[in-house]
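What follows is one structure encoded as structure tokens, with my remarks underneath.
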Amino acid sequence: MKIGVIGTGYVGLVTAVGLAELGHTVIGTDKIKAKIDKISLGITPIYEPGLDDLLRANLKKGTLSFDADQHRTIRESDVIFVCVGTPQQEDGSADMSQIEEVSRLIAENLNSYKVIVEKSTVPVKTSSWIKRIITLYKKTPNDFDIASNPEFLREGSAVSDFLHPDRIVIGVESQIARDLLTKIYEEFGDRLLVTDIATAELIKHASNSFLALKISYINLMSNICEKTGADVEQVAVGMGLDPRIGKQFLKAGIGYGGSCFPKDIRALVKIGEDLGVDMTLLKAADRVNDDRIKLFMDKVRKALWIFKEKKIAVLGLAFKPETDDIREAPSIRLIRELLKEGAWLRLYDPKAVDNMKELVPEQSPKVVYCNSPYQAAEEANVLLLLTEWEELVRLDLKKIKDAMANPIIIDGRNCYKPDEVRALGFEYDSIGRQ
Ligand code: NAD
């Protein structure tokens, strides 16, 4: 069995490499030839811990290859994992044009029976559309099946998540598709959940929206903590000790970002509303998240009063640690707000600087990218911590204090202990605690 992977972004590349690591023969393709050229040389276009090594090892083994010719890749594959993007449109719904484009391409190249697997996050019932498009455009009598296998990897630990999954969800409507996918994931037989396709599609949106809801919930509690003197970190511990609630995703901060939660919750709201379902619950979670930057800006204003030409060190640009991904990162909105107010920014991130430079180009003295957190802190009037990278959690705060014009830290991720930071002579504000 040969497996094709279409779209070699964060999900597709990890999927291709991961499936090869599981022992399968895999070809990856993408519509961006430069990406395929780079990956074929063993260079990953994204930062994802462990991915480089695994890519090179599997290329060397010869079971993993990449081909910019999408037609050939499809024709040579028995099972095709579709991993293209499903970005958000203005009305909140998912833009399915990449999925449609790939469906037509598959139809054109349907030279044998194939199983087409939706790995991208798609609205429930998408498989019916893919089936319709392939049936409309195919030029041969060859048969095909659609299956859903939503991806649950987390950027920053994607390789490990792929190779050690909590669960593998497979949505199928034929025995052949069920058998093929069960074989592909044979190693995780004890963690397979096989459902119908619509259910599998919905499991992904339901999971992401629930996690986003959980984050917004603790952020809402942090707002109450700030007004009452309660400590959100301890509220989270107290809640998390209840196994029905669980400890994870109870971290108050400047809100969730990334290429999944914001778009997936909005897509599910749109799906529900189109079906006549009241989606107030998820809309509120989205609104709570949207307010995070406004509340954080209030903290910065409280510290600075006037923003104009104040030097602000911004540490952490990626939407979470261990990734270079800045899609929908809270840092983007904050940076834009700060620039609108006339502040001068000194930005640092261990991996995401190049991506941010494309969005917010260097423009000294208004926007300066720095090589270290200590350089960013030089002459700064305030330091904002936005991503809890290990490097930033373990800063030498004495060195930071010496570099700053005014020793003020506003910690958007509750990385430091307030007493310890204040003992060093900093003015310190964080989220949901005194
Ligand atoms: P991405 O933008 O990093 O990758 C998409 C890739 O598809 C790009 O390389 C792009 O060039 C390619 N592509 C687009 N149109 C194409 C076409 N017609 N033919 C061939 N290639 C094409 O996106 P991603 O983060 O990998 O996400 C992909 C899907 O997986 C989305 O639906 C997303 O919601 C879902 N997902 C993402 C994550 C994550 O953490 N990033 C996790 C789980 C699920």
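Every read-out reported here was derived from the displayed coordinates using simple, explicitly stated rules and does not represent laboratory data. Quantities reported herein were computed from a predicted structural model and do not represent experimental measurements. Cβ coordinates were reconstructed from backbone atoms using ideal geometry, including for glycine residues, and neighbour counts include every protein chain displayed.
Figures for the structure shown
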item: Restricting region 345-434 to GluC sites (Glu not before Pro) in coil, as DSSP defines it, with at most 10 other Cβ within 10 Å; result: none
item: Among 163, 326, 188 the positive-end extreme of the charge dipole of the chain (Cβ point charges); result: 326
item: Percent RCO, i.e. relative contact order, over region 293-429, from Cα pairs under 8 Å lying at least 6 residues apart; result: 26
item: Among beta bridges that DSSP assigns inside region 1-102, antiparallel share in %, nearest 5; result: 10
item: Relative contact order of region 204-290, defined on C-alpha pairs under 8 angstrom at six or more residues apart (%); result: 41
item: Assigned charges on the beta-carbon of Lys, Arg, Asp, Glu; region 2-195 dipole about Cα centre (debye); result: 520
item: Estimated 222 nm signal from helices in the chain, with DSSP H stretches of n ≥ 4 weighted -39500 (n - 2.57), rounded to 500; result: -14000 deg cm²/dmol
item: Top positive-direction residue, dipole computed over the chain with Cβ charges, set 344, 70, 371; result: 344
item: Fluctuation leader among 269, 393, 300 - the chain, Gaussian network, Cα springs under 10 angstrom; result: 393
item: The chain: most fluctuating residue of 37, 419, 145 per GNM, C-alpha cutoff 10 Å; result: 419
item: Electrostatic dipole magnitude of region 12-56 [Cβ: Lys, Arg +1; Asp, Glu -1; Cα centre; debye, to 20]; result: 240
item: Region 253-336: GluC sites (Glu not before Pro) in DSSP coil with no more than 12 other Cβ atoms inside 10 Å; result: 309
item: Region 293-429: C-alpha gyration tensor shape, a/c 1.5 cut-off, then a/b vs b/c; result: rounded
item: Per-selection Kirkwood Rh - the chain (Cα, Å, 1 d.p.); result: 23.2
item: Options 392, 96, 136, ranked by Cα towards positive dipole end of the chain, top entry (Cβ charges); result: 392
item: Neighbour-count order for 422, 287, fewest beta carbons within 10 angstrom listed first; result: 287, 422
item: Given charges at beta-carbon only (K, R positive; D, E negative), |dipole| of the chain in Debye; result: 480
item: Taking the chain and dividing mean pair separation by its residue count, relative contact order in percent (alpha carbons under 8 Å, at least six apart); result: 12
item: Share, in percent, of DSSP beta bridges within region 293-429 that are antiparallel, nearest 5; result: 5
item: Overall form of region 204-290 per C-alpha gyration tensor (a/c, 1.5; a/b vs b/c); result: prolate
item: Förster radius 25 Å - calculated FRET efficiency between residue 287 and residue 125 (Cβ-Cβ, nearest 0.05); result: 0.40
item: Qualifying aspartates and glutamates (Cα of each under 17 Å from Cα of residue 138; at least 8 residues distant if same chain); result: 76, 78, 100, 101, 108
